[in-house]
Amino acid sequence: MAEPVMTVQPAWPELWSWAVTGLQALVQTVYTLDADRMRQLPAHQLALGAGLTLCTLGLAYVMTQLLLGAPDPSRGKRANPGQLALDLPLVSTGMLAKAAQTKDSELVHLYVTAEDGINGPSFSPFCQKIEAFLRFTRVPYKKVYDFDFDKDPPLGKVPFIAYKGQVVPDSSLIIDYLVNEVKLATDLDKRLMDRLRSQSLAYQVLLEGEWAALLRWEGWVTDRGWSKTKNIFAAVPWFIRGYVQRSVRKAVIQVCNQDGFDRLPVAIIHQRMDRVAKALATLIDRNEFAFSLDHPTTLDATIYGFLLRTLALDSCPQFAAVIRRYPNLIDYVNRLSQRYFPDYPTVARHD
Ligand SMILES: N[C@@H](CCC(=O)N[C@@H](CS)C(=O)NCC(=O)O)C(=O)O
């Protein structure tokens, strides 16, 4: 009579211990580049170890994607900004879905980054600029903070807007779109002669180039600035927050270095702060707005956005102290805040 075949059913703890032993052998082989330990193990233990390794790697990958968001290969390459509003397929799918939700809404949805909470000034002077423009022109809008920074901004930056299913990035393009394309906002600059238009452009470039670079340097490179700036990552889960903070800071410092800040004496950088603040103070003088009109212009939206960002948030204390040497700039911000942003706390004070 044939012997009954004995089948051994391994218990779960045993399977688990084989898998762990196999995984250890694989790790050891990779680490020491010596396959001795691997050769000593039976094939089934190695197979289980390989399976466990794959599962672990797969799980780590899924977790990373969930926590950090999948990298978007088209980021920054979606461009031809002039067509974005008309050519929606250029915009990412996630954004399309959100824009579609706003299709029937008369409200401009303004996508911005927040500092602390919904009603405070934005961490981004460009976001603050566009919000000021919307208030100056009394265009109804709704701020949106809940979006995926890695996927949704068509040009990888804030601000951007969605209006009736169309998505438009870049503060200046947004203004152009609202004034000339959909004619939702009045043209604040229509009474400006050519000479003043050129001046307006020159000051905007000064703010969006030089001023923005100085803010970036103080907020991200200096230790004092960074001790405050890093708080913008408060919503990132704690176990990866340190990593995200370090890698974003490193990338921003690289941008500053490309601008040559790492080779400049700090005293010269502070002088540059004074130089731009003085140029603005000279322009504003004792006027209510940048130009002698009875209403603000686009340049006022930019000046207000940058001044408020610098003064109201505490990540650039040196730059804020420099501005406070010019009381007319402080009066200007307070005046515009009282008139257009009564819901903001009074932020600007004289020394
Ligand atoms: N030219 C753009 C500039 C916007 C911009 O630089 N936004 C910054 C925030 S202040 C940003 O989103 N940076 C993120 C990045 O560059 O990855 C505009 O006027 O809107």
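The values are calculated or read from the model by the stated rules, or taken from the named source; none is laboratory data. All figures in this text were calculated on a predicted structure; none of them were measured in a lab. When we count neighbours, we look across all protein chains shown, and the Cβ atoms used for this are built from the backbone with ideal geometry, even at glycine.
Here LYS129 fulfils each of the conditions (1) crowded, with 24+ Cβ neighbours inside 10 Å; (2) more than 9 Å from the ligand (Cβ to nearest atom); (3) modelled with pLDDT of 95 or more apart from (2).
Conditions tested, residue by residue: (1) within 26 Å of the chain's Cα centre (by Cα); (2) within 11 Å of the ligand (Cβ to nearest atom); (3) under 22 Å from PHE291 (Cα atoms); (4) not in a helix (DSSP H, G or I).
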position	(1), (2), (3), (4)
LEU155	yes, yes, no, yes
ILE161	yes, yes, no, yes
VAL167	yes, no, no, yes
TYR177	yes, no, no, no
ASP189	no, no, yes, yes
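Residue pairs whose Cβ atoms lie under 7 Å apart, sitting 6 or more positions apart in sequence or on different chains, and linking a residue in the range 244-272 that is within 15 Å of THR222 (Cβ to Cβ) to a partner that is polar (S, T, N, Q), are HIS270/GLN318. Selection over the range 191-214 of residues that are of a type outside the set (Gly, Ala, Ser) and either more than 16 Å from the ligand (Cβ to nearest atom) or over 23 Å from PHE289 (Cα atoms) (or both) gives a count of 9. What tally of residues in the range 134-192 results from selecting those that are farther than 23 Å from PHE123 by Cα and touching a Pro at 6+ places or on another chain (Cβ under 8 Å)? Residues that pass the stated criteria total 1. Can you find a residue in the range 206-214 that is free of Cβ contacts under 8 Å to residues at least 60 places away in the same chain and surrounded by 14 or more Cβ atoms within 10 Å (Cβ to Cβ)? So far as the range 206-214 goes, yes, one or more of its residues are free of Cβ contacts under 8 Å to residues at least 60 places away in the same chain and surrounded by 14 or more Cβ atoms within 10 Å (Cβ to Cβ).
If we scan the range 139-149, do we find a residue that is of a type in the set (A, V, I, L, M, F, W, C), assigned to a helix (DSSP H, G or I) and away from the ligand (no atom under 13 Å from the Cβ)? No: the range 139-149 contains no residue that is of a type in the set (A, V, I, L, M, F, W, C), assigned to a helix (DSSP H, G or I) and away from the ligand (no atom under 13 Å from the Cβ).
The sole residue among LEU283, LEU293 that is part of a helix (DSSP H, G or I) and either surrounded by fewer than 23 Cβ atoms within 10 Å (Cβ to Cβ) or in contact with a Phe, Trp or Tyr (Cβ under 7 Å, 6 or more places away or on another chain) (or both) is LEU283.
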